[in-house]
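*Asks:* Provided herewith is a single structure, encoded as structure tokens, for subsequent inquiry.
The values are calculated or read from the model by the stated rules, or taken from the named source; none is laboratory data. Remember, predicted model here, so these are calculated numbers, not experimental data. Methodologically, a virtual Cβ is constructed for each residue, glycine included, from the backbone with ideal geometry; neighbour enumeration extends over all protein chains shown. Each accessible area value is taken on the protein alone, full model and side chains, heavy atoms only, with ligands, DNA and RNA left out. Shrake-Rupley method; radii C 1.70, N 1.55, O 1.52, S 1.80 Å.
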Amino acid sequence: MSELPTAGRPRLRARFAAVVVVCFTLLTGLLTAPPAVAALPVTDPGNIQVLVTKSRPLNPLRYIAPDLVFFPGTNYVLRREVSANLQNLFAGARSAGAPLAVVSAYRSYDQQAALYNSYVAQYGQAVADTISARPGHSEHQTGLAVDVGNLSGSCGLNACFATTAGGRWVAANAHRYGFIIRYPDGYQSTTGYTFEPWHLRYVGRSVATEMRTRGIPTMEHYYNGSNPPIKHSSDVVAVDSTGTSWTYPSNFLNGFRPRARLGAGWSTLKAGFSTDWNADGLQDILAQWNDGRLTLYRGQFGGGFRAPISIGHGWGSYDITVGAWLRGSRFPSVVAKDGAGVLWHYANTAGAGLSAPARIGHGWQNLRLTQADWDRDGNQDILAIRTNGQLALYRSTGAGAFVNEARRVIGHGWQGMDSVKAIAGFQGPGSYGLRARSAAGELRYYPMPGNRWGAAATIGHGWQTYRLFR
């Protein structure tokens, strides 16, 4: 078997020329979901994701959380769930050699009014409004916010806290305990408040980890009204036995949030791929149909998909995988195995159609392929499942060729696995691994921290009858 690049082009090259044609939904027979209702900010003050800002006061203004408790060893009060998670955060900081202390926590409406008025008297209202919330508009009144500082007292309630060991640890790890830095540096125009590296807001581990993973800086950005059909590349997209497509959003904690319906009319799908095809930050769908069509559905910020675009015809006998095969390319592209076992690369040069193919190998019959960066060197490698259940690694140079080395077996017992997809961020920031389905319908996640496997996890059951997007 030769996997190293060989010259040549497929006989059906003309079929695969990148002819971009807008296809109306009714003509294709595919029903895509209409734009979804935009995500709305949470207004319930009892909800841990409630959004409280200068323009969004608490309702009622004098709200008091019913589950306030004293933080152990202090006279400070927080909601029970917040207190428990803050204790864990403090234990983590202490173990890291950066012990912390509570500086301020829950404040009632009247306490906040007295504090705000004192700042107005001292600095004037314009300045006071950048450093303190008006009564009824303060996160501290929810019992979900806490100001922390170094146990030594250094840089207390000062921006220099960010440069201390405690401040750096909090910035890097708060999300692991369900907290965010609510007023980050450089976003005063968004939040209305100056940089407060000490002000932690509890939103729960799922949302805090999602914000960290997706690089969302503030709650205002989180609730910006966008609601793309596929929220993140680690979400599961699947078609059920009725031809209805669904998305299962990742919670970034080895699980999923409730599913959402994408659309109907997917019964004749051969394979689907969730990918940011045009590099606009949104996940799109590349659909390979039983009749050989390859179709692109571009996601929209407000929900749903744009009218489908034809990428080509004649793909019925091809097994394809999508990824950044060429290192440094802005767009993902297609690596395809034809019926004769020849491997081809089709570059996506403009975020729309595909270029003429380049032959990169032959002898790939009976192998099931996916692209993944096994050694985390920035190059997409090919992982191939052999008929004997071996998972083989074919390392890429990043320039459209394979490294000239002996092929490595990096796993066994994969003969019953399918729908293998490399995903980033599923277990939080910086995580990377393979998601695959077993013959028994079990969904598994295999972390790949670089040249080795992490501890595998079962992340779902009952997926036997679904067609999973890769």
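*Asks:* Out of curiosity, is residue 423 in contact with a His (Cβ under 6 Å, 6 or more places away or on another chain), assigned to a strand (DSSP E or B) and surrounded by 19 or more Cβ atoms within 10 Å (Cβ to Cβ)? I'd like the intermediate steps shown before the answer.
*Replies:* Details: in contact with a His (Cβ under 6 Å, 6 or more places away or on another chain): no; assigned to a strand (DSSP E or B): yes; surrounded by 19 or more Cβ atoms within 10 Å (Cβ to Cβ): yes.
So residue 423 fails the test.
*Asks:* I would also like to ask the following. Taking only pairs six or more apart or across chains, which ones have beta-carbon atoms under 7 Å, a first residue in the range 295-308 that is aliphatic (A, V, I, L, M), and a second residue that is surrounded by fewer than 21 Cβ atoms within 10 Å (Cβ to Cβ) and in a loop (DSSP other than H, G, I, E, B)?
*Replies:* The qualifying pairs are 307/23; 307/24.
*Asks:* Within the range 301-317, take every residue that is open to solvent by less than 60 Å² (accessible area, probe 1.4 Å) and out of contact with any Phe, Trp or Tyr (no Cβ under 7 Å at 6 or more places or on another chain) and give me the one that is farthest from residue 357 (Cα to Cα).
*Replies:* Only one residue fits best here, namely 302.
*Asks:* Within the set of pairs 6+ apart or on separate chains, which have a first residue in the range 311-339 that is among the hydroxyl-bearing types (Ser, Thr, Tyr), a second that is outside any strand (DSSP E or B) and open to solvent by 10 Å² or more (accessible area, probe 1.4 Å), and C-beta atoms under 6 Å apart?
*Replies:* Here the result reads 317/339; 318/338; 333/347, each pair linking the range 311-339 to a residue that is outside any strand (DSSP E or B) and open to solvent by 10 Å² or more (accessible area, probe 1.4 Å).
*Asks:* Looking at residue 392, is it at pLDDT below 95 and either part of a strand (DSSP E or B) or aliphatic (A, V, I, L, M) (or both)?
*Replies:* In short, no.
*Asks:* Scan 228, 249, 258, 197 and give me the residue that is open to solvent by 20 Å² or more (accessible area, probe 1.4 Å) and touching a strand residue (DSSP E or B) at 6+ places or on another chain (Cβ under 9 Å).
*Replies:* Just one listed residue meets the conditions, 258.
*Asks:* Testing residue 171 on (1) closer than 17 Å to residue 204 by Cα; (2) of a type in the set (A, V, I, L, M); (3) surrounded by 19 or more Cβ atoms within 10 Å (Cβ to Cβ), one condition comes back false. Which one is that?
*Replies:* (3)
*Asks:* Just one of the numbered conditions (1) farther than 21 Å from residue 467 by Cα; (2) open to solvent by less than 10 Å² (accessible area, probe 1.4 Å); (3) under 29 Å from the mean Cα position of the chain (by Cα) is not true of residue 336; which one?
*Replies:* (1)
*Asks:* Inspect all residues belonging to the range 23-30 and state whether any of them is part of a loop (DSSP other than H, G, I, E, B), of a type in the set (Gly, Ala, Ser), modelled with pLDDT under 95 and open to solvent by 40 Å² or more (accessible area, probe 1.4 Å).
*Replies:* yes
*Asks:* Related question: Consider only pairs whose beta carbons are under 9 Å apart and that are at least six residues apart or on different chains; among these, list those whose first residue lies in the range 154-177 and is assigned to a helix (DSSP H, G or I) and whose second residue is polar (S, T, N, Q) and exposed (fewer than 15 other Cβ atoms within 10 Å of the Cβ).
*Replies:* The qualifying pairs are 159/194; 160/154; 161/154; 166/152; 166/154; 176/88; 177/88.
*Asks:* Identify, from the list 141, 112, the residue that is under 27 Å from residue 72 (Cα atoms), assigned to a helix (DSSP H, G or I) and touching a Lys or Arg at 6+ places or on another chain (Cβ under 7 Å).
*Replies:* Selected residue: 141, the only one of 141, 112 that is under 27 Å from residue 72 (Cα atoms), assigned to a helix (DSSP H, G or I) and touching a Lys or Arg at 6+ places or on another chain (Cβ under 7 Å).
*Asks:* Among the candidates 408, 395, single out the residue that is among the charged types (D, E, K, R) and crowded, with 17+ Cβ neighbours inside 10 Å.
*Replies:* Details: 408 fails: crowded, with 17+ Cβ neighbours inside 10 Å.
Just one listed residue meets the conditions, 395.
*Asks:* Can you list the strands (runs of 3 or more DSSP E) found entirely within the range 248-290 that contain at least 1 residues being modelled with pLDDT of 95 or more and within 22 Å of residue 349 (Cβ to Cβ)?
*Replies:* Correct list: 269-275, 284-289.
*Asks:* Give the residues of the range 95-129 that are exposed (fewer than 14 other Cβ atoms within 10 Å of the Cβ) and on the phi < 0 side of the Ramachandran plot, sorted by residue number. Show your work before the answer.
*Replies:* Going through the range 95-129, the residues exposed (fewer than 14 other Cβ atoms within 10 Å of the Cβ) turn out to be 95, 97, 110, 114, 118, 121-122, 124-127.
Correct list: 95, 110, 114, 118, 121, 122, 125, 126, 127.
*Asks:* Let me ask another. Which residues, counting only those in the range 178-189, are in a strand (DSSP E or B) and not hydroxyl-bearing (Ser, Thr, Tyr)? Break it down into steps so the answer makes sense when it comes.
*Replies:* Step one: filter the range 178-189 for residues in a strand (DSSP E or B), giving 179-183.
Within the range 178-189, 179, 180, 181, 182 meet the criteria.
*Asks:* Quick check on residue 145: is it within 23 Å of residue 207 (Cβ to Cβ), under 28 Å from the mean Cα position of the chain (by Cα) and free of Cβ contacts under 8 Å to residues at least 12 places away in the same chain?
*Replies:* Numbers: within 23 Å of residue 207 (Cβ to Cβ): yes; under 28 Å from the mean Cα position of the chain (by Cα): yes; free of Cβ contacts under 8 Å to residues at least 12 places away in the same chain: no.
Here the answer is no, as residue 145 does not meet what is asked.
*Asks:* Would you mention how many residues in the range 261-300 are crowded, with 18+ Cβ neighbours inside 10 Å and small (Gly, Ala, Ser)?
*Replies:* Selection size over the range 261-300: 6.
*Asks:* Looking at the range 377-392, which of its residues are among the acidic types (Asp, Glu) and either over 21 Å from residue 337 (Cα atoms) or open to solvent by 30 Å² or more (accessible area, probe 1.4 Å) (or both)?
*Replies:* Across the range 377-392, the qualifying residue is only 377.
So that you can scan it fast, the table gives a plain yes or no per residue for (1) out of contact with any strand residue (DSSP E or B) (no Cβ under 6 Å at 6 or more places or on another chain); (2) of a type in the set (Lys, Arg); (3) modelled with pLDDT under 95; (4) within 22 Å of residue 218 (Cα to Cα):
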site	(1), (2), (3), (4)
53	yes, no, no, yes
56	yes, yes, no, yes
65	no, no, no, no
69	yes, no, no, no
94	yes, yes, no, no
